[in-house]
Amino acid sequence: MSSAEGNLTWLPLEDHPELVAPAVATASASAPGARVAEIDGSLADTATFCEAYGVAPESSANCVVVAGRRGENVTHAAVMVLATDRADINRIVRKELGVRRISFADQAETEQSTGMRQGGITPIGLPADWPILVDQAVVDAGPVVIGGGVRDSKILVDGAVLAGLPNARVLPLTIPAD
């Protein structure tokens, strides 16, 4: 039976900074109670990860980075939704950021700006000026699995903790299911 913990060995994040990206380790105090588990990096993608480690998809939250533009100004933001949901990037996120055009951020630029690896990007430790948009369902989900900033680890944290991260905004972000 799948759960948020799955079949992983979870350790206190503050005691194991070597398992996460340096920016995540530095910001770990902003995620009280977070735990970390080492994983096989080739299994980091959400569906594969959930199947391999017995983690329920509804207990996994994805972080995508977007770049919005208004004139010459570019705003980067993180968007957090449950793995079972889809963020409404073009309508809700674009409006929330007050931008005219929005797209997924360039992978190389995102890795350079965050010090995190694609497939492991997490809201913990992002640049201080980036908004973090957290879907209300993530906050309400209880324990959720998120990236560790690297592909070789995952973090287990209460979704409500993500609402308390610097620059976090909680709102309904998903496209309604048909």
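The values are calculated or read from the model by the stated rules, or taken from the named source; none is laboratory data. What you are looking at is a predicted structure, and each value in this text was computed from that prediction instead of being measured. In this analysis, Cβ positions are derived from the backbone assuming ideal geometry, glycine residues included, and neighbour counts consider all displayed protein chains.
Numerical summary
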item	result
Subset of region 86-121 [within 17 Å of Arg169 (Cβ to Cβ) and in contact with a strand residue (DSSP E or B) (Cβ under 9 Å, 6 or more places away or on another chain)]	Ala87, Asp88, Ile89, Ile92, Val93, Arg94, Glu96, Leu97, Gly98, Val99, Ile102
Residue in region 132-143 that is at positive phi, out of contact with any Gly (no Cβ under 6 Å at 6 or more places or on another chain) and modelled with pLDDT under 95 present	no
Members of region 99-119 that are among the β-branched types (Val, Ile, Thr) and not in a helix (DSSP H, G or I)	Val99, Ile102
Residues satisfying the stated conditions in region 97-107, i.e. buried (at least 18 other Cβ atoms within 10 Å of the Cβ) and not small (Gly, Ala, Ser)	Leu97, Val99, Ile102
Test: residue in region 51-58 that is touching a residue at least 24 places away in the same chain (Cβ under 8 Å) and in contact with a Phe, Trp or Tyr (Cβ under 7 Å, 6 or more places away or on another chain)	yes
Residue count for region 29-44, restricted to those that are in contact (Cβ under 8 Å) with a residue 12 or more places away in the chain and within 18 Å of Thr9 (Cβ to Cβ)	10
Filtered residues of region 126-178 (kept if assigned to a strand (DSSP E or B), buried (at least 20 other Cβ atoms within 10 Å of the Cβ) and of a type in the set (Gly, Ala, Ser))	Gly147, Ser153
Cβ-Cβ under 9 Å pairs, at least 6 apart or on other chains, region 117-134 side within 15 Å of Leu162 (Cα to Cα), far side surrounded by fewer than 24 Cβ atoms within 10 Å (Cβ to Cβ) and acidic (Asp, Glu)	Ile121/Glu111; Pro131/Glu96; Leu133/Glu96
